[in-house]
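The values are calculated or read from the model by the stated rules, or taken from the named source; none is laboratory data. Since we're looking at a predicted model, the values are computed, not measured. Reconstructed Cβ throughout: ideal geometry from the backbone, glycine too, with neighbour counts over all protein chains shown.
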Amino acid sequence: MGKKVIVHSNIKEYARVNDKQLFLSADFTEKLNQKAIELIREAARRAKENQRNTVMGRDL
């Protein structure tokens, strides 16, 4: 794919249910990375459509 924007070790703390830590597979991290890239690209497109060079939270 390319450069990773999601770091596996950084998302582990959020994979919890009732304070029980769950494991994360490598394919989960890869799919999450793909989704994050899609969100960033869509937000960038929206910013440009609104004649801005700054991507903002509202573009999500």
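Summary table below
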| quantity | calculated |
| --- | --- |
| Per-region count, segment 1-49, residues among the polar types (S, T, N, Q) and surrounded by 10 or more Cβ atoms within 10 Å (Cβ to Cβ) | 4 |
| Index of the failed condition, Ala43 passing every other in (1) among the small types (Gly, Ala, Ser); (2) in contact with a His (Cβ under 8 Å, 6 or more places away or on another chain); (3) modelled with pLDDT of 95 or more | (2) |
| When residues of segment 34-60 are limited to those that are within 23 Å of Gly2 (Cβ to Cβ) and among the acidic types (Asp, Glu), the one nearest to the chain's Cα centre (by Cα) | Glu38 |
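Okay, residues lined up against (1) without any contact (Cβ under 8 Å) to a residue 12 or more places away in the chain; (2) assigned to a helix (DSSP H, G or I):
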{"residue": "Val5", "(1), (2)": "no, no"}
{"residue": "Lys12", "(1), (2)": "no, yes"}
{"residue": "Leu24", "(1), (2)": "no, no"}
{"residue": "Thr29", "(1), (2)": "no, yes"}
{"residue": "Lys35", "(1), (2)": "yes, yes"}
{"residue": "Arg46", "(1), (2)": "no, yes"}
{"residue": "Asn53", "(1), (2)": "yes, no"}
{"residue": "Arg58", "(1), (2)": "yes, yes"}
